[in-house]
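All remarks here apply to the structure that follows.
The values are calculated or read from the model by the stated rules, or taken from the named source; none is laboratory data. Given the structure is predicted, the values throughout are model-derived calculations rather than measurements. Methodologically, a virtual Cβ is constructed for each residue, glycine included, from the backbone with ideal geometry; neighbour enumeration extends over all protein chains shown.
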Amino acid sequence: MKIGIYTIHSAYNYGAMFQAYATQKALEKLGYDSEFVNLYTKEAEAKNENRLNSYQLKPLLISLYSRLNPKVRLKYKRFREFHSKMILSKRYYSLDEIYKTPPKYDAHLVGSDQVWNLQQGFSERAYYFLDFLNNNEIKISYAASFGTSQVDKKYHDKLKTLLTSFKSIAVREDDGVNIIKEATGLDATQVLDPTYLLNADEWSDLAPERLIKEDYIFCYGFDDSEISSQLINNTKKRLNLPVIALSIGISFPHKVDRFFQEAGPREFISLIKHASFICTSSYHGLAFAIHFRKSFFTVKHPHRNSRMETIMNKFNLFDRQISKAENILELTEDQLFIDYTTIEEKINFHTTQSLKSLEDSLVNTSGE
């Protein structure tokens, strides 16, 4: 049985790269061959490179800067090297090519990440609802995300029409379950992000040797908000450790001891694995902190609450979400660090259930 995977797999984005890699590896562990449907357009490539955020540079200068800066060029190179390990289909240069001659697979799997984010309109994401396939094709989703807690009701009819033809629907957030129920009347299953389907040892195998000799706080994500600045500064004061930072973009909005601008996916893993403490506003920053059983703090994000809160709720980690950063200075050792022995059983249970959900969706649809 061969499976076609439809997801964002080639972006210069740590989370997108990791979820794609983990999805394919999880399928491999279950005994299935798979490949990513390799949709590549000039428009997508331009969007990919310009996803680099900037707090000082105007958007027009970002692409030029990234091409001239040796650290950013090295980062791109490392992303491409990581991506080269994935198994891809032939390259499709346009959506029209896919719609005219749809890919042939025994099953078509959508997800993970925000493939169903409709904030830019339905036409931008229709491809990820497999609207080009006949209803008799086997369609499933694993950990697909809407990236929000609700969608405009004007999309409900389209969602019902397209998702009704799916044999199995699994989404990443609790809100996704609710959205699908409200829009279509269908029952969806909530599962963990695919990065949880690989254990810490499997992720460690991808990481280079320790990159920073001394102990450090690792910071990833963050906007330029005051609460983010306070969180980073007060955690540094409380732990008396240097701060090593990383972001998707070409700059970091807060003063740190080192901005690791050249880090690719493997370096990201190493930096998290060897960190003494983690501060993050990123969903996958949170996920990898949990993968490596690291103590962490995060802040509420106005657009990411659904993603973060599902995990916080599932693993009883709401006390790691900071609303008043000044309180960090007053925390005791027990309050500062996470005792993972108290939640290890929950993590293992939900990981096992998520992998089983993926396995069952394929077994049930293939008639095995």
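Summary table below
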item	result
Test result for LEU317, in contact with a Lys or Arg (Cβ under 8 Å, 6 or more places away or on another chain), assigned by TED's automatic domain parsing to the domain that holds ASN234 and over 30 Å from GLY4 (Cβ atoms)	no
Any hit, the stretch 54-62, residues being crowded, with 18+ Cβ neighbours inside 10 Å, part of a helix (DSSP H, G or I), at pLDDT below 65 and among the β-branched types (Val, Ile, Thr)	yes
Evaluation of ASP201 against (1) crowded, with 22+ Cβ neighbours inside 10 Å; (2) without any contact (Cβ under 8 Å) to a residue 12 or more places away in the chain (one fails), failing number	(1)
Among residues of the stretch 216-236, those that are touching a Leu at 6+ places or on another chain (Cβ under 8 Å) and either hydroxyl-bearing (Ser, Thr, Tyr) or part of a helix (DSSP H, G or I) (or both), counted	3
Search result, residues across the stretch 67-98 that are of a type in the set (A, V, I, L, M) and touching a strand residue (DSSP E or B) at 6+ places or on another chain (Cβ under 9 Å)	MET86, ILE87, LEU88, LEU95, ILE98
Number of positions in the stretch 84-119 that are in a loop (DSSP other than H, G, I, E, B), over 14 Å from LEU159 (Cβ atoms) and of a type in the set (Phe, Trp, Tyr)	2
Tally of residues being within 22 Å of the chain's Cα centre (by Cα) and of a type in the set (Asp, Glu) across the stretch 216-237	2
Close pairs (6 angstrom Cβ cut-off, 6 or more residues apart or separate chains): closer than 14 Å to VAL151 by Cα in the stretch 117-130, outside any loop (DSSP other than H, G, I, E, B) anywhere	LEU118/TYR155; PHE122/TYR155; PHE122/LYS158
Any chance LYS213 is assigned by TED's automatic domain parsing to the domain that holds ASP319, over 20 Å from the mean Cα position of the chain (by Cα), in a loop (DSSP other than H, G, I, E, B) and not aromatic (Phe, Trp, Tyr)	yes
Strands (runs of 3 or more DSSP E) fully within the stretch 241-354 counting 2 or more residues that are hydrophobic (A, V, I, L, M, F, W, C) and within 25 Å of ASN69 (Cα to Cα)	243-246
Restricting the stretch 135-194 to residues that are hydroxyl-bearing (Ser, Thr, Tyr) and not in a loop (DSSP other than H, G, I, E, B), the residue that is surrounded by the fewest Cβ atoms within 10 Å (Cβ to Cβ)	THR161
ILE217 vs. criteria in contact with a Lys or Arg (Cβ under 7 Å, 6 or more places away or on another chain) and within 15 Å of SER295 (Cβ to Cβ)	yes
Hey, LEU362 part of a helix (DSSP H, G or I), modelled with pLDDT of 90 or more, touching a strand residue (DSSP E or B) at 6+ places or on another chain (Cβ under 8 Å) and within 20 Å of THR235 (Cα to Cα) or not	no
Lone unmet requirement of (1) at pLDDT 95 or above; (2) part of a loop (DSSP other than H, G, I, E, B); (3) not β-branched (Val, Ile, Thr) for PHE122	(1)
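Here's the yes/no breakdown for (1) in the same structural domain as THR310 (by TED's automatic domain parsing); (2) β-branched (Val, Ile, Thr); (3) out of contact with any Leu (no Cβ under 8 Å at 6 or more places or on another chain):
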position: ASN134; (1), (2), (3): no, no, yes
position: TYR142; (1), (2), (3): no, no, no
position: LYS167; (1), (2), (3): no, no, yes
position: VAL191; (1), (2), (3): no, yes, no
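One line per residue, one yes/no per condition, for (1) surrounded by fewer than 18 Cβ atoms within 10 Å (Cβ to Cβ); (2) basic (Lys, Arg); (3) not assigned by TED's automatic domain parsing to the domain that holds ARG238:
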site	(1), (2), (3)
LYS324	yes, yes, no
ASN327	yes, no, no
GLU330	yes, no, no
ILE343	yes, no, yes
LEU358	no, no, yes
